[in-house]
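Every read-out reported here was derived from the displayed coordinates using simple, explicitly stated rules and does not represent laboratory data. Everything numeric in this text was worked out from a predicted model, so none of it was measured. Positions of Cβ are backbone-derived with ideal geometry, glycine not excepted, and every protein chain shown enters the neighbour counts.
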């Protein structure tokens, strides 16, 4: 019977036995020895996604190439298998465009991105590169060597020497290895969410309002509501006004609302966009 293999076994091989002698790796200026990819649901905000998409699709067009330095200058290595991996297909599951897009998106979203390179155990040559998107990454130490323990969303755990992983990041400040989180963006994300919800409710209200009924004489609130209900019953309900003709005397002035567009507060919208674009 053929053995079933999942994506993780395809990329990493069989899960290695877990060492019990790993210890937590201590940093100089932080007690935080793990990295949890967290964006505050930034990817669900349309402005953030648009900004990251713009960056990632441009980054995905990169054309890295295999070069060597000889005779005091850089020279392309003709016929190198590395060029095929770097420019066309980093691994059997994806294209170069998707690989670099995913790398750039994770870089912007989490300020950290990880690549797992696969080397041929006999020739030592690079065979493939995979993006790593883990739920949590923890720093460990074993016999003086730094390791990264990746915990994935399905519960799988893989531990590798840090030197076996390609790690890129940005906003390095409070941690010697990991880029800082995007918590600084959370206030504007909250503002964006509130704005979107408010505009959604306002759009629903605009869609419901059919017109404005003006009563000539000064009237109490209770009488206004009663007259409104009478006007709707007599003129706007199909069963009572099959002809579709509205008849009023000089006590009423009815103005139908034709334009159902939702006016956007451009100042607040521009503020949110500017804050997000400047940050990213």
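Can you work out the FRET efficiency for the pair residue 84 and residue 172, with r the C-beta to C-beta distance and R0 = 35 Å, to the nearest 0.05? Plugging the Cβ-Cβ distance into 1/(1 + (r/R0)^6) gives 0.60. The alpha carbon centroids of the range 174-189 and the range 109-143 are separated by 22 Å. The peptide list 132-141, 72-81, put in order of mean Cβ contacts within 10 Å with the highest first, becomes 132-141, 72-81. Normalised by residue count, the range 55-132 yields a Cα convex hull volume of 119 Å³ per residue.
Computed from the Cβ-Cβ distance with R0 of 51 Å, the FRET efficiency linking residue 143 to residue 269 stands at 0.35.
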